1. Compute the signed sum of charges (Lys and Arg +1, Asp and Glu -1) over the other residues within less than 14 Å, Cβ to Cβ, of A:Phe69.
2. Taking the range B:79-148, which trypsin sites (Lys or Arg not before Pro) meet the DSSP loop condition and have no more than 16 other C-beta atoms within 10 Å?
3. Run the dipole for the range B:151-197 about the Cα centre, Lys and Arg Cβ at +1, Asp and Glu Cβ at -1, nothing else charged, and hand back the magnitude in debye, nearest 20.
4. If one computes P(r) from the Cα atoms of chain A, what percent of pairs lie at distances over 41 Å?
5. Could you give the dipole magnitude of chain B about its Cα centre, charging the beta-carbon of Lys and Arg +1 and that of Asp and Glu -1, in debye to the nearest 20?
6. Using amide H atoms built 1.01 Å from N in the peptide plane, name the residues 5+ places from A:Thr4, or on other chains, whose amide H lies under 5 Å from its own.
7. So how much accessible area does B:Asp134 have, in Å² to the nearest 10, using a 1.4 Å probe?
8. Which of the trypsin sites (Lys or Arg not before Pro) across the range A:1-80 are loop residues per DSSP, with 16 or fewer other Cβ within 10 Å?
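The values are calculated or read from the model by the stated rules, or taken from the named source; none is laboratory data. None of these values were measured; they are calculated from a predicted model. Reconstructed Cβ throughout: ideal geometry from the backbone, glycine too, with neighbour counts over all protein chains shown. Keep in mind that these areas ignore ligands, DNA and RNA; they rest on the heavy atoms of the full protein, side chains included. Shrake-Rupley method; radii C 1.70, N 1.55, O 1.52, S 1.80 Å.
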Amino acid sequence: MAETKEYDVIVVGAGGAGLRAAIEASAHGVSVGLICKSLLGKAHTVMAEGGMAASLANVDSRDNWKVHFADTMRGGQYGNNSTMAAHHAREAPDRVRELEAWGAVFDRTQEGRILQRNFGGHRYPRLAHVGDRTGLEMIRTLQDHGIHQGVDVHMEVTIFHVLKDGDRVVGVVAYDRERGRFRVFKAKAVVFATGGIGRAYKVTSNSWEYTGDGQSLAYHAGAELIDMEYVQFHPTGMVWPPSVRGILVTEGVRGEGGVLRNSENRRFMFDDIPDLYKDQTADTPEEGWKYTQGDKESRRPPELLTRDHVARCIMREVRDGRGSPHGGVFLDIAWIKKNLPDAENHIKRKLPSMYHQFKELAGIDITKEPMEVGPTTHYAMGGIRVDGDSQMSTVPGLFAAGECAAGLHGANRLGGNSLSDLVVFGKRAGEHAALFAKENGWGTIDQGQVDSAQKTALAPFDRPTNAEGPFQVQYALQEKMQDLVGIVRRDDELKQAVDFISGLRTKAEAVGVSGNREYNGGWHTALDLDNLLIVSEAIARSAVQRQESRGAHFRDDYPEKDESWGKKRSVTRKAADGSMEVFAEDLPPIPSELQQIIEENR
Amino acid sequence: MASVTFRIWRGDGETGEFVEYSTDITEGMVVLDAVHQVQAESANDLAVRWNCKAGKCGSCSAEVNGVPRLMCMTRMTDLPTDVPVTIEPMQAFPTLKDLVPDVSWNYEAKKQIKPFKPRTPDNEDGSWTMYQEDVDRVQEFRKCIECFLCQDVCHVLRDHHKHEEFVGPRYFVYTAALEMHPLDTEDRTEELKKAFGVGYCNITKCCTVVCPEGITITDNAIIPLKERVADTFYDPIQWLIRKATGK
Ligand SMILES: Cc1cc2nc3c(=O)[nH]c(=O)nc-3n(C[C@H](O)[C@H](O)[C@H](O)COP(=O)(O)OP(=O)(O)OC[C@H]3O[C@@H](n4cnc5c(N)ncnc54)[C@H](O)[C@@H]3O)c2cc1C
Ligand code: SF4
Ligand code: SF4
Ligand code: FES
């Protein structure tokens, strides 16, 4: 018998969203259990670099929530859930100040307020930050505050099944990584804050945790996923050496004045500026530089256009033979020494971990030489469909927040809007999960569901290990997703990917593992395969469906935006027969008061 | 491409042995890449922790050729490869399995430390005014990625097993970050002396040497904390004030 624990609210995930949700639920007086796959403080949030967007207006007094809202909607190409975008812009400043009250120490302005920096797609300097380690500051602050709020933390525990009583969620089944023992967590409400899907691709900035567990388990539990075709490829990942390919190079480098050049030494980003952003983009390199140095009359350099666009421009340069030696382009921050007296120390102070990362991993001194960068799979805009106010999914009692939830970012996320998303919607999810738990008593756990989930989880031990192993199956998927469902997509290739995924499912179901249940990486990877296959299929099939290019989704065979598609979103759900169903539905109209804000800020 | 031999600890704290594996090393590889390659090729059930692969999360700490380091930031070119590369888990903690130590003691140690308690906000919106020069010192401590390498190398824990009486360098850094936070109003001097055992530290600076974040643990955190303790406990005027105010 698996050990059973009971909590009013279970939060799965201890990144920014999960920690904030747990703290909030606990503040509402319910018992809270927090579960995470890694050790506490190691979730993906720790890696975030550039900052957290909030219209504090400390650096530019013209900023306010309405501008932030309009920027977010424009960045998302109006595919966003406008209710969420409005909540996010309105509440983000309070959430930043709250972190300060819990001990976070952000970089300061001359006047002693929280400093804010420029980032792509944000009209004004808006990102509260700590050098280039903002995520560390956020997670540590929430962790150090959270451990004193009466939350029970279960580290290195992986959930692999959602338990239901009729329509409603009543708990989860998990194994502890250390011993491989099963655990049942009974709950009145469950919050998923499990992060993204980057491990479905070969080149990614994401860690092993990002196997789409939350999305896939919610899907199996009957929840709808939306916007799955929108996967953000960050324009600047490391490209060399091969073993670090994909590791992120923060947009903060460009925010501090870094420029992109091709092998002909040309600032190619000036060559293609989308109409939507023409009025907001600098005409000359001089104007762009002034903007990065805080000149309020200047407009932003084209390097700070939205990520989808910058990534495609880099792809174009590489494809047309103007790339760097290792298949990227050059990102140069060292050049600022022409304009700044103490540039070397300035770079080290503003971008310490970038300096360290290139020095240690690539043997490059970024204060002296340019970096080589190229696109890397970074973030999932799509995910679990939630109600814009409560964060509840389409399954009663199951909530979602942070990267695994969808809606806020539409077709493309602006940098810095994730960290703020985590705390704004983490708080909301925690609050509403607590309310749900108070309003609804305990459900009943069906032992049959528990038994069958455990049996499935143990099956890999009973299978022969002579076929392809779990790692090989994972690599095969990553390879194909990278090639066929990447930045530039085509109907025939996407369909080929869908077929490939279904073939790979057969192989995944034949994977055997050796050894015992204790901290067995092979077994864990084998269990992650279903999650990866579900999200990959959802991405590929949503991408086949959307016959236009919008935001992060670019179709070579439909390179333009299509107005009728612009009014639709993709929905993925599990059909009654167990197969995957993908369809398009109309986006709800944007409420008139929000539409007006968009118009005022065009 | 060259094949390199690794001696990797397999087993738990009580029983186990070094097992040799060979794998091909290519340009730019770090030790963690090699371990992953061994795991994928010939030891699927090898236990190893990691997350960021960029020195940001502090998960992949281990002892490489006897030196505590982050495996993801240790390039293969920095190691001699004509002899086997030895990799074992951190020795100051019990081993769970292979390269994975049981670091739960650290989380318990942190819980004893009184949390941040700010003064009332300076501004109407609930925020405070602090200048960069006031926070520089604390920001150095807040760079800590909780890799526990400093805990691993400290002889008070590693050799003398004072885990009950001594919180270790990581938590002096943490306490210093709280004590020197411009907004904090809490006093942790008494427990620093008693429960946290700052007196056990004899300033060998081994912790500072291994810190991958380059935090000057001893000079900037521990010595000032020791001075606070000395001032409070051995300064008769301070002692009288404490008596009188009950602090
Ligand atoms: C290198 C990098 C830099 C970034 N920089 C920025 C930035 O500057 N600004 C910004 O706004 N955004 C940034 N992002 C994006 C942002 O960091 C992430 O989107 C965000 O941190 C996700 O937070 P989260 O709380 O949703 O999930 P995470 O922090 O990823 O946490 C997920 C949690 O879920 C747990 N979990 C997952 N599956 C299971 C399971 N099956 N069972 C139990 N637990 C599970 C994990 O263990 C983990 O604790 C960056 C991302 C990367 C990769
Ligand atoms: S300086 Fe003190 S804390 Fe650091 S390793 Fe030496 S004894 Fe331990
Ligand atoms: S102080 Fe340095 S060595 Fe110690 S845990 Fe923190 S980062 Fe690691
Ligand atoms: S994997 Fe994060 S520090 Fe090594």
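1. Summing Lys/Arg as +1 and Asp/Glu as -1 gives -1.
2. Those satisfying the criteria are B:Arg119.
3. 180
4. Of the Cα pairs, 20 percent sit more than 41 Å apart.
5. 740
6. Amide H neighbours of A:Thr4: A:Val184.
7. Probe radius 1.4 Å; accessible area of B:Asp134 about 70 Å².
8. A:Arg62
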